[in-house]
Amino acid sequence: MKVDAQEIRQQARDIAARVEEAEPEKRSRTFFDGLRASRIPYLPCELQTEAGELYVRCYESLFTLGRTSIPLAVGFTMHLYNLSALATLPVPGVPEFERRRQILVDTVGKYKSIMAISSFGENVKHKDDPARNVIVTEQKGGTYLCQGRKGFQSIASEADILLFNGQFGEHQGMFYTNIKNQPALVLGPSLFAGAMAPSDTRPVEFRDLVIKQRNVLSLHNDLTDHVSFYATAWFEALCTAVYLGGASRALEEVRLFARSVHTEDGHTLAEVDGFMVDSGRLALRLRSSLAMARSFGVCADLYCRLIRDGAPAEKVNPVANDLMDCGSCLKYAGTAAASEIVAGARALIGTRSMSVKHPMYALNEQICFGSMHPTLSSRLERSFGTDMLGEKPYSGLFEWALG
Amino acid sequence: MAADYLSSLISSLGGEQEGPDPNRLEGLAQMLRAEDPDVRDYLPRMRARIQEALRDRQGIYEARRESLNAEVSALIERNLGACQTLEQTLEGLIQEVTTETREVFERAASEFLETSDQLAGMAASGTPLCPRCGSQGPENLCPACELDRLIPDPDVAHMEYNRAVVGEEFLAVYNAYAEVVEGQAGLEPLMQALQSLEFSLLEAQALAEQAAEDSPPHQRLLHVINEAVEGVNRLHAVQENRRTSELHQGWVQVFNAAAVVPQLLAVPEEFEAEVEVEELEEESE
């Protein structure tokens, strides 16, 4: 099944334009109302067997939305990556998961719901503090009691459904619940002030939340990891689009500046060779990252097809590893490029980019969040270093793509 | 809007008949004009009916007048004013039939019937109205009340109440449904409650499908669940079709399954909401 790329592109542009025009306090409402009325959040429901096509459409939409608002688009990425992962990843060996993920995906599309994700506990803590996460215990009659806290919860006030993991005995489980009008889920204050505040990121307390059997997606590490790793790869690839969207916006601000400011001899800055070269370097950084972007969709398509076809593990596993690496590489290079581009744009525009009303002002603050999303760059560097320095000869080639 | 008001109105109007019908205002007016001596037998009865209708409508109107929009309010007040004049002139006509009183009666009857038709027309026009203030407009949401505009169901008067003990998710749907019908809330809370119920129903459906192959009780259960899912779909479709009648019919279908589905889901008693809800059921059933 194919979707009309032009229609999706136009929907993203329309939403971005409306958000741009809206008063600051109405931007979030305008953004989510526009999204819910569009097909964009529900593309995963339509393209369940077309991971590559789905990725491309999501990536482009997030890039366009990121040009207007990084925090809103990052918040929306939480919905899109989870739903994309759930919609496209079949797990034929676990029929219960298959059934529940299908019900979840179908009803999200039907009810035009927005999903939030709480996958992380509080990883950053004092060494003497106990790890804080959600603990899930089974009760009589097949219900589950959820207690604890999650540190980061984006689009906390907007989402209808919360997907979360929690400690179930010795395993990490995966669960979902309705979040609206849910008294057992208590949202804390917004964690980010300033330019990232619209991401609506808050801690969430689970105060004796009782969920039913049908809310359980996984109770075992193997399944939870299998789904989570795949979902994380989607997140890394998609969130990059948002930050590159922000970088693209910064370049547009450079263009507007360069064509409106004149040198003493009457030329515009856009005609000054040095300015042109500096700008071109930034544009190349952006285009290089965007040129890499498509690789994830191709790999995801291949991976899902192999699983659907029941391919043997020795064929699936290398592609699974490369898919994870693809997501990581895109995020590592893309978010770093976005930061460099925004810093370069700031340098070219100069002091007027520090004016509170200038679009660059918020971008300066927002762009650094890209590399802070999981998986952290330092962690990736260590992991890739370990692999490269291992016993086996190292080539770095993605064999499914280029080999 | 004033659904009760409209149902009271509709129930008080009889069907078309041949010749002057003394049980209808027009028939009574014709008999008065023809100076038919039998008319005196019918005047007290009509007065009693008008008094009762006036009391009912005034009560319903007073309870909701603050929330009604100006246009609907003005129409109802015209209708009540005509009703009041009718009551007074009927009293006069019982004492003595004069040309002047008869003419006042005819004008009031005409005003009453015209405004009644307009009110009934609003209910039957197929135009979505705000369930609270009665406003109509191009937006799905009434800007003043922030409630979903819905097409009224003129047949709501022909429904009756039933009772059953239901699970918490069914109860949540009922509460949200009742709030929509009463003009207390929009469709969004109903959709949230429906989604939770649908999660459970689809889970139950899958389990029942697995067991139903060689088990007649499970086949029966599957049928009930499918009916409930269809009811959920009808309720869900109200977002698009805006029909209150679909809201009622959808709930009836969901309610019929409510007592059976929790058995399969094996919801433990401590989480079962032991509450009674009322079901709107068609009289014909």
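Quick note: the coordinates plus some simple rules give every number you see, no bench work behind them. As the structure is a computational prediction, the values presented were derived from the model and not from experiment. FYI the Cβ positions are ideal-geometry reconstructions off the backbone, even for glycines, and counts take in every protein chain you see.
Tell me the Kirkwood radius of chain A: reciprocal of the mean inverse pair distance over distinct alpha-carbon atoms, in Å.
Details: mean 1/r = 0.0450 Å⁻¹.
Final number for the Kirkwood radius of chain A is 22.2 Å.
Where in chain A are the helices, taken as whole DSSP H runs, whose Cα atoms extend 18 angstrom or more along the long axis and whose Kyte-Doolittle mean reaches at least -0.5? Present the calculation step by step, with values, prior to reporting the outcome.
Values: long enough: A:5-21 (24 Å, -1.04); A:51-68 (26 Å, 0.06); A:70-88 (26 Å, 1.15); A:95-110 (22 Å, -0.91); A:221-260 (58 Å, 0.21); A:273-308 (54 Å, 0.39); A:313-349 (53 Å, 0.44).
Flagged H segments are A:51-68, A:70-88, A:221-260, A:273-308, A:313-349.
Could you name the lysines whose alpha carbon sits less than 27 Å from that of A:Lys212, not counting residues in the same chain fewer than 8 places away?
A:Lys110, A:Lys112, A:Lys140, A:Lys150, A:Lys180
Write out the trypsin sites (Lys or Arg not before Pro) in region A:298-403 meeting two conditions: DSSP loop, and at most 13 other Cβ atoms within 10 Å of their Cβ. Numbers along the way, then the final one.
On the way: sites: A:Arg305, A:Arg308, A:Lys315, A:Lys331, A:Arg346, A:Arg352, A:Lys357, A:Arg379, A:Arg382; in loops: A:Lys357.
Of the trypsin sites (Lys or Arg not before Pro), the ones in loops of region A:298-403 whose Cβ has at most 13 other Cβ atoms within 10 Å are A:Lys357.
B:Ser135's amide H: which non-local residues (gap 5+, or another chain) put their own amide H closer than 5 Å, with H modeled 1.01 Å from N in plane and none for Pro or chain starts?
Residues meeting the criterion, in which the H sits 1.01 Å from N, are B:Asn69, B:Cys130.
Could you pull the Cα extents of region A:5-114 along its three principal axes, largest to smallest, in whole Å?
49, 24, 20
Whole-Hz Karplus ³J(HN,Hα) for region B:63-77, in order, using 6.51 cos²θ - 1.76 cosθ + 1.60 and θ = phi - 60°, x for Gly and Pro?
My calculation for region B:63-77 gives 5, 10, 4, 4, 8, 6, 7, 4, 5, 5, 4, 4, 5, 5, 5 Hz in order.
Going through region B:83-161, which trypsin sites (Lys or Arg not before Pro) have at most 13 other Cβ atoms within 10 Å and a DSSP loop state?
Working: sites: B:Arg102, B:Arg107, B:Arg132, B:Arg149; in loops: B:Arg132, B:Arg149.
Counting only loop positions with at most 13 other Cβ atoms within 10 Å, none of the trypsin sites (Lys or Arg not before Pro) in region B:83-161 qualifies.
Give a residue-ordered list of calculated ³J(HN,Hα) values for region B:115-129 (Karplus: 6.51 cos²θ - 1.76 cosθ + 1.60, θ = phi - 60°; whole Hz; x for Gly, Pro).
For region B:115-129, the Karplus curve yields 5, 5, 4, 5, 5, 5, x, 4, 5, 9, 6, x, 8, x, 10 Hz.
When the helix-only estimate is applied to chain A (DSSP H runs of n ≥ 4, each -39,500 (n - 2.57), divided by the residue count), what is the mean residue ellipticity at 222 nm, nearest 500 deg cm²/dmol?
Mean residue ellipticity at 222 nm (helix-derived): -18500 deg cm²/dmol.
Could you list the GluC sites (Glu not before Pro) in region A:165-249 that lie in coil according to DSSP, counting only those with at most 13 other Cβ atoms within 10 Å of their Cβ? Spell out each step's value before the answer.
Working: sites: A:Glu170, A:Glu205, A:Glu236; in loops: A:Glu170.
Counting only loop positions with at most 13 other Cβ atoms within 10 Å, the GluC sites (Glu not before Pro) in region A:165-249 are A:Glu170.
How large is ³J(HN,Hα) for each residue in region B:135-150, as worked out from phi by the Karplus curve 6.51 cos²θ - 1.76 cosθ + 1.60 (θ = phi - 60°), to whole Hz, x for Gly and Pro?
6, 10, x, x, 7, 5, 9, 5, x, 6, 9, 6, 10, 6, 6, 10
In terms of modelled amide H atoms, which long-range or inter-chain residues lie less than 5 Å from the amide H of B:Leu141?
Here B:Arg149 satisfy the definition.
Counting Lys and Arg as +1 and Asp and Glu as -1, what is the net charge of the other residues whose Cβ lies under 12 Å from the Cβ of A:Pro318?
Details: positive: A:Lys315; negative: A:Glu314, A:Asp322, A:Asp325, A:Glu399.
Counting the neighbours of A:Pro318, the net charge comes to -3.
So which aspartates and glutamates can A:Lys315 reach, going by Cα to Cα under 18 Å and dropping same-chain residues fewer than 8 places off?
A:Asp301, A:Asp325, A:Glu399
Assuming 1.567 mPa s and 4 °C, estimate D for the protein assembly as shown with Stokes-Einstein, Rh taken as the Kirkwood radius over Cα pairs, in µm²/s.
Values: Rh = 29.5 Å.
Translational diffusion coefficient: 44 µm²/s.
Out of residues 5 or more away from A:Gln172 or on other chains, whose amide H comes under 5 Å of its own, with H placed 1.01 Å from N in the peptide plane?
For A:Gln172, the qualifying residues are A:Asn221.
Binning at 5 angstrom from zero up to the longest distance, how are the C-alpha pair distances of region A:221-394 distributed in percent?
That works out to 1, 8, 14, 16, 15, 13, 9, 8, 6, 4, 3, 1, 0, 0, in percent per bin.
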